[in-house]
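**Q** Input: one structure, supplied below.
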Amino acid sequence: MKIAVTGAFGYSGRYIARRLLDAGHGVVTLTNSPHRDNPFGETVRAVPFHFDQPALLTQSLRGVDALINTYWVRFDHRLFTHQQAVANTKILFHAAREAGIGRIVHISITHPDINSDLPYFRGKAELESALANLGMSYCILRPTVLFGKEDILINNIAWSLRHLPAFGVFGSGDYRLQPIYVDDLAAATVDQVTRNGNEVINAIGPETFTYRGLAETIRRALGLKRPIIGLPPGVGYWGCRLLGLLVNDVIITRQEIRGLMQERLYVDAPPLGTTKLTSWIEQHKDTLGRHYTSEVARRTDRVSRYRSN
């Protein structure tokens, strides 16, 4: 099959593209970074998104059998917003239909909610509804936190534990999350490409942590003794805001803190992934958190390859 993958030079898209190639599929990537270092050489052709030219976007998808969509933004920024991401993704969905694509596999999030005042979860719900009403075969995968060599959250918790005198959690830190290994998500995504039925699947890992417990797990694996302290969410936010000014990044937003504390990254469902975060951390403890990983840098540097942690 010929498969279009959004963001094959990025994080999850790269793992998906690799598995597609290993399975013998042809791959084209839609990207905002057509000049980024291509880890696949000539085997993956890069095409700009052309959101502002839907007819050109449709033409670039002609002959494609299935679309895998990972396109999204983590937070609102002067260069990108959730509202823009929703509008652009709807353009992509309609272009896929007009191009005659047979199936869309879409990466969403656990607990999307059209009535939420959190734009991340409201936007994801809006896109799930748009896809379900498109009249095409689809699968929606709902992951929580991803971990892997190019990870941001797990790596930066480790970086904070290595470099700061203490690590703060928001409130008690007893809200739960279920990280999934990025390659486990990629395997599930590729498996869905050749299927026909419409499905919505919670894509969670085999282990559940509280946020405090996750920090304690990383601290223990790194052999550190930094205190982990509970902070009022507002104090924690402003602490992260200050640290963000020092590292030139948005470490976490108020909305992300609320999403965490509302347990939107936890579902009562069987795990889809099999790779344990505890085992993965143990394998990568010597390099994990040695360098800070910036979300803003990734979004603004459209040439460099994502660095592995």
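**Q** Identify all residues within region 256-309 that are within 20 Å of the chain's Cα centre (by Cα), polar (S, T, N, Q) and over 25 Å from I109 (Cβ atoms); write none if there are none.
**A** S304
**Q** Does region 48-60 hold any residues that are over 20 Å from the mean Cα position of the chain (by Cα) and in contact (Cβ under 8 Å) with a residue 24 or more places away in the chain, and which are they?
**A** F51, P54, L57, T58, Q59, S60
**Q** Here's a follow-up. Quick check, is I114 under 19 Å from H82 (Cα atoms), open to solvent by 50 Å² or more (accessible area, probe 1.4 Å) and either outside any strand (DSSP E or B) or free of Cβ contacts under 8 Å to residues at least 12 places away in the same chain (or both)?
**A** Numbers: under 19 Å from H82 (Cα atoms): yes; open to solvent by 50 Å² or more (accessible area, probe 1.4 Å): yes; either outside any strand (DSSP E or B) or free of Cβ contacts under 8 Å to residues at least 12 places away in the same chain (or both): yes.
Judged against the criteria, I114 is a match.
**Q** Out of the residues in region 278-309 meeting the condition of being small (G, A, S) and within 23 Å of F40 (Cα to Cα), tell me which one is surrounded by the fewest Cβ atoms within 10 Å (Cβ to Cβ). Quick ask: steps written out before the conclusion?
**A** Within region 278-309, the subset small (G, A, S) is 279, 289, 294, 297, 304, 308.
Subset that is within 23 Å of F40 (Cα to Cα): 297, 304, 308.
Values: A297: 14, S304: 11, S308: 13.
Per the criteria, the residue is S304.
**Q** Pick out the one residue from G205, G230, G223 that is farther than 30 Å from S129 by Cβ and in contact with a Ser or Thr (Cβ under 8 Å, 6 or more places away or on another chain).
**A** Values: G205 fails: farther than 30 Å from S129 by Cβ; G223 fails: in contact with a Ser or Thr (Cβ under 8 Å, 6 or more places away or on another chain).
Sole residue among the options that is farther than 30 Å from S129 by Cβ and in contact with a Ser or Thr (Cβ under 8 Å, 6 or more places away or on another chain): G230.
**Q** Answer yes or no as to whether P54 is in contact with a Leu (Cβ under 8 Å, 6 or more places away or on another chain), of a type outside the set (A, V, I, L, M, F, W, C), over 25 Å from D191 (Cα atoms) and surrounded by fewer than 17 Cβ atoms within 10 Å (Cβ to Cβ).
**A** Values: in contact with a Leu (Cβ under 8 Å, 6 or more places away or on another chain): no; of a type outside the set (A, V, I, L, M, F, W, C): yes; over 25 Å from D191 (Cα atoms): yes; surrounded by fewer than 17 Cβ atoms within 10 Å (Cβ to Cβ): yes.
Against the criterion (in contact with a Leu (Cβ under 8 Å, 6 or more places away or on another chain), of a type outside the set (A, V, I, L, M, F, W, C), over 25 Å from D191 (Cα atoms) and surrounded by fewer than 17 Cβ atoms within 10 Å (Cβ to Cβ)), P54 does not qualify.
**Q** When the residues of region 255-277 are filtered to those that are surrounded by 15 or more Cβ atoms within 10 Å (Cβ to Cβ) and β-branched (V, I, T), which remaining residue is farthest from N155 (Cα to Cα)?
**A** Per the criteria, the residue is V267.
**Q** While we're here: Residues in region 123-132: is at least one over 17 Å from the mean Cα position of the chain (by Cα), part of a helix (DSSP H, G or I) and polar (S, T, N, Q)? Walk me through how you get there before you give the answer.
**A** So in region 123-132, the residues over 17 Å from the mean Cα position of the chain (by Cα) come out as 126, 129-132.
Next, only the ones that are part of a helix (DSSP H, G or I) stay: 126, 129-132.
Restricting the remaining residues to those that are polar (S, T, N, Q) gives 129.
The answer is yes; a qualifying residue exists.
**Q** Among the residues of region 49-60, which ones are in a loop (DSSP other than H, G, I, E, B) and polar (S, T, N, Q)? Please lay out each step first, then the result.
**A** The initial filter retains those residues of region 49-60 that are in a loop (DSSP other than H, G, I, E, B), namely 49-53.
Once the filter is applied, which keeps residues that are in a loop (DSSP other than H, G, I, E, B) and polar (S, T, N, Q), region 49-60 yields only Q53.
**Q** Among the numbered conditions (1) at pLDDT 95 or above; (2) crowded, with 16+ Cβ neighbours inside 10 Å; (3) of a type outside the set (F, W, Y), tell me where H94 comes up short.
**A** (2)
**Q** When both residues are 6+ apart or on different chains and their Cβ atoms are under 9 Å apart, which pairs have a first residue that lies in region 287-306 and is over 18 Å from W72 (Cα atoms) and free of Cβ contacts under 8 Å to residues at least 40 places away in the same chain, and a second that is open to solvent by 50 Å² or more (accessible area, probe 1.4 Å) and polar (S, T, N, Q)?
**A** T287/S308
**Q** Being over 22 Å from G205 (Cα atoms), at pLDDT 90 or above and touching a strand residue (DSSP E or B) at 6+ places or on another chain (Cβ under 8 Å) is the filter here, so list the residues in region 267-309 that pass it.
**A** V296, the sole residue that qualifies.
**Q** A further question follows. Any residue in region 240-260 that's over 18 Å from P165 (Cα atoms) and of a type in the set (K, R): show its pairings with residues that are in a loop (DSSP other than H, G, I, E, B) and open to solvent by 40 Å² or more (accessible area, probe 1.4 Å) at Cβ separation under 9 Å, as long as the two are six or more apart or on different chains.
**A** Matching pairs, first to second residue: R258/D117.
**Q** Among what's in region 9-48 and is in a loop (DSSP other than H, G, I, E, B) and modelled with pLDDT of 95 or more, pick the residue that is surrounded by the fewest Cβ atoms within 10 Å (Cβ to Cβ).
**A** Quick first cut of region 9-48, residues in a loop (DSSP other than H, G, I, E, B) only: 9-11, 23-25, 32-40.
Now narrow it down to the ones that are modelled with pLDDT of 95 or more: 23-25.
Details: A23: 14, G24: 7, H25: 18.
It comes out as G24.
**Q** Right, next: Report those helices (runs of 4 or more DSSP H) wholly inside region 137-226 carrying at least 2 residues which are under 13 Å from the mean Cα position of the chain (by Cα) and buried (at least 22 other Cβ atoms within 10 Å of the Cβ).
**A** Numbers: elements: 153-163, 182-193, 211-222.
Ranges flagged: 182-193.
**Q** I want to confirm something. Restricting to region 61-91 and keeping residues that are modelled with pLDDT of 95 or more and part of a strand (DSSP E or B), which single residue is farthest from the chain's Cα centre (by Cα)?
**A** A66
**Q** Mind counting the residues in region 252-309 that are in contact with an Asp or Glu (Cβ under 9 Å, 6 or more places away or on another chain) and among the aromatic types (F, W, Y)?
**A** 2
The values are calculated or read from the model by the stated rules, or taken from the named source; none is laboratory data. All figures in this text were calculated on a predicted structure; none of them were measured in a lab. Here Cβ is always computed from backbone atoms with ideal geometry, including for glycine, and neighbour counts include all displayed protein chains. The accessibility values were calculated without ligands, DNA or RNA, using every heavy atom of the protein model including side chains. Shrake-Rupley method; radii C 1.70, N 1.55, O 1.52, S 1.80 Å.
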